[in-house]
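The block underneath contains the structure these notes are about, expressed in structure tokens.
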Amino acid sequence: MTSGGSFYITTPIYYPSDVPHIGHGYTTVAVDALARWHRQAGDDTWMLTGTDEHGQKMMRAAAANGVSPQEWVDKLVANEWFPLLETLNVANDDFIRTTQERHEESVKAFIQAIYDRGYIYAGEYEALYCVGCEEFKPESEIVQGTGPFEGLKVCAIHSKPLELLHEKNYFFKLSEFADDLLELYRTRPDFIQPESARNEVVAFVQQGLKDLSISRSAFDWGIPVPWDDSHVIYVWVDALLNYATAIGYGSDEENFARRWPGYHVVGKDILRFHAVIWPAMLMAAGVEVPRGVFAHGWLLVGGEKMSKSKATGIAPATLVDTFGSDAYRFYFSSAIAFGQDGSFSWEDMAARYQAELANGFGNLASRSIAMTQKYFGGAAPQPGDYTDADLAIQELVAEAATSADAAVERFRMDQAIDEIWKVVDALNGYITESEPWVLAKDETQRDRLATVLYTCLEGLRALAVLLSPVMPDATGKLWGALGASALGELGAQPIREAGTWGVLPVGAETEKLQPLFPRVDAE
Ligand code: MSP
């Protein structure tokens, strides 16, 4: 891909009704790593995350804690959701809260626009609502309760009883967009990724769409409907609009034109909102649809989706305190195929930390730098003639950089890391085979020793660049220890050119490197 184009990417905005768990961290880190890659490639990158603060779920959480909804969200956002970004070392460009004026005003403008265009009407509604999902549930997602909820209809995701609501609502004419949506999925096959997610949405829309209730009148914690303030806008419609309001829809058209359309990365639980309702809302307003929607899988605990409401939530800080933020980011970016479900286990994380980070990457860095210090006084040596073994490393580095970039284009950071890791493994094997400690004993092999160590250092230079979106801290330390700062900041190195050989200057002064991934007490 050529650099310089706009790359706008978003996480879902999270419900701050409760504290974050590693499921939320999973999406946020994935989006951050993708954004960092594109930013480092020179694309005009913008990463947005935020919180979804209206709706009944929030009202109830606040009431249960004896405070107003605004007090509740202010507290949770300040004490839990902002700090999460620091814990995970996330470089978001903006954070939107749906209670901010910049959002509320533009949401009203958008709703008024689709009302004026004739896509909203008033009607009566009676249906089963899940407060956990903030959604009227279709038949297919309603199941019979068990245990304390025996005899009741419950939500298939939350396993909690549904509530029968009967209200006067405003409706959005979603049903009118089924054909246009199918046409969109047909003409842009990668609009929804991965393929399995796309197929599911296509099958859903092919059955026809019902109009969508987009207002609620039984409570007032939301954005008022502009022409009828006895209603508030349905929380999902309000929330989806964050992607547009945050970049200037209704307030800064120039910036909006610069950023939009963008990519949305979401958990598969909320795919339909993003791939059906959201593009239909945009079509109704005459605004371009997103560039794409990527649905990832769930982190499972005991075979079920991890969730706070089922008391299976693990706090990200628990893992970061033990393993560090880089290892957290690496583990979740690499251990699960992006798009599929994956089970988290502490043992698996500890094992990968030791094998891949400490013994694999960390050890490669430590010993390459230590040998440069021992045999060449610390300065990157001038390589002599390259042998086939050296050239094979150079080719692999070039290939890894190209394939990793292609994988990132497909939103597959896990595959990008697999490609990059081939270099880590190959360099470790190369050191074993080249036996620099044996070469060092023979003065006639001085040139060969220099070539081997330069190959290791230059390979590490490429690895530092390629892995910096996933592990910014460790690669930053490595960058300094390689004496690569003369090339400029690590974050300024063009990632799509990371595979070009011979960038680390001969004579670069290496510095002693503390272990990048120290031994942890993972018990
Ligand atoms: N507020 C809505 C989203 C509105 S977007 C316009 C919402 N919020 S949420 O707090 O429930 O977070 C949902 C997102 O968190 C999921 O889509 C997913 O990205 C992430 N995850 C929450 N639990 C998860 C797992 N167990 N596994 C993986 N991701 C999970 O829905």
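Read-outs: derived from the displayed coordinates by stated rules, not from any lab. Remember, it's a predicted structure, so these values are computed and weren't measured experimentally. Note that each Cβ is placed from the backbone with ideal geometry, even for glycine, and that neighbours are counted across all protein chains shown.
The table below gives the values:
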{"item": "Proximal charge balance of K512 [Cβ under 14 Å; K/R count +1, D/E count -1]", "result": "+1"}
{"item": "DSSP-assigned coil residues among GluC sites (Glu not before Pro) in the range 367-411, each with at most 12 further Cβ atoms within 10 Å", "result": "none"}
{"item": "Computed [θ] at 222 nm, deg cm²/dmol, the chain (DSSP H ≥ 4; -39,500 (n - 2.57); rounded to nearest 500)", "result": "-13000 deg cm²/dmol"}
{"item": "Any cysteine of the chain lacking a neighbouring Cys Cβ under 4.7 Å - listed by number", "result": "C456"}
{"item": "Cross-link reach list, lysines versus K305, counting only Cα pairs under 30 Å and skipping chain neighbours closer than eight places", "result": "K57, K75, K137, K153, K160, K210, K268"}
{"item": "Loop sites in the range 120-164: GluC sites (Glu not before Pro), DSSP, at most 13 other Cβ within 10 Å", "result": "E150"}
{"item": "Angle between the chain longest axis and helix 472-481 axis [Cα atoms, degrees, rounded to 10]", "result": "20 degrees"}
{"item": "Estimated FRET transfer efficiency (D190, D341; beta-carbon r; R0 22 Å; 0.05)", "result": "0.55"}
{"item": "Local electrostatic count, Y430, Cβ distance below 14 Å [Lys/Arg +1, Asp/Glu -1]", "result": "-4"}
{"item": "Net charge, L478 excluded, C-beta distance under 14 Å - Lys, Arg +1, Asp, Glu -1", "result": "-1"}
{"item": "Candidate aspartates and glutamates - alpha carbon under 14 Å from K108, same-chain residues fewer than 8 apart omitted", "result": "D116, D228, D229, D238"}
{"item": "FRET efficiency for A63 and E105, using Cβ-Cβ distance with R0 set to 22 Å, rounded to 0.05", "result": "0.20"}
{"item": "Point-charge dipole on Cβ atoms (K/R +1, D/E -1) for the chain, about Cα centre, debye to 20", "result": "360 debye"}
